[in-house]
Amino acid sequence: MAKFRYRMQSILDLQLKLEDQAKVEFAQAQGIWREQVRKLNELKERKAAYMEEARRLRAEILDFTAIRENENAQEMLKELIRLQKIEVARAEKEMDRRREILQEHQIDRKTQEKLRDKALSEFLIEEARKESREADEHTSYEYGRRQING
C-alpha cells in the first residue's frame, strides 16, 4: 500500500503555526485588558475610600483644609478613572481584534484539515480500488494458469 502524502501539508503546518501565534497574541492582549481592568477597579476603590473619608470629615469637626484636599483628591481620581476607562476600552478593542484574528486562523486551519481529510478519504478509496483490481488480476491469472495446466 502506498503512503498517503497530503500535497498541501506545508500550508496546513503554516496555518497551525499562525493559529498558535494568534493564540499567544490573544492571551497577551487579554492579560493587558485584565491588568487595565484591575487598575480601574483599584482607582474606583481608592475613590470610594476618599468618599468615605469625606463623609467622616464632614461628620466631625469641620476641617476645611482636609475637606478641600479630599475633594481635590476625589476630582483627581475621577479624572484618572475616566482616563483608565479609556485604557480599558482600548485594551478591550485590541483583545477583540486579536480574538477575530484567532478565529480567522482557526477557520483556515479547519478548512485545511477538512481538505486533508477529504484527500485522505479519496486516497483510501483509490487504494482499495487498486487492491481490488490486483486481487482480480491475480485471481484471473491463477484461473487462466489452471486452465492451461489442466
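Quick note: the coordinates plus some simple rules give every number you see, no bench work behind them. Everything numeric here is computed off the predicted structure, so don't read it as measured data. Don't worry about glycine lacking a Cβ; one is built from the backbone with ideal geometry, like all the others, and counts go over all protein chains shown.
Find how much the distance from R99 to F4 grows on full extension, using 0.36 nm per residue of separation minus their present alpha carbon separation; answer in nm with one decimal.
30.8 nm
Express in whole angstrom the spacing between the alpha-carbon centres of the range 44-59 and the range 70-131. So the separation of the two Cα centres works out to 42 Å.
Using just its DSSP H runs of length 4 or more, each adding -39500 (n - 2.57), the chain gives a mean residue ellipticity at 222 nm of -34500 deg cm²/dmol after division by all residues. For the range 9-110, the relative contact order works out to 52 percent when only alpha carbon pairs closer than 8 Å and six or more residues apart are counted.
Label zone (A66, point 7 Å along Cα-to-C-beta; backbone nitrogen cut-off 11 Å) within the range 18-59: 53-59.
Distance between the modelled labels on E92 and A73, one decimal in nanometres: 2.9 nm (7 Å Cα→Cβ projection). Relative to the longest principal axis of the Cα atoms of the chain, the long axis of helix 64-149 lies at roughly 0 degrees.
Which FRET efficiency, nearest 0.05, do K118 and A27 yield, Cβ-Cβ r, R0 30 Å?
In this case the efficiency is close to 0.40.
Output the 0 to 90 degree angle, nearest 10, between the alpha-carbon long axis of helix 9-59 and the longest principal axis computed from the alpha carbons of the chain. So the helix axis and the longest Cα principal axis differ by about 20 degrees.
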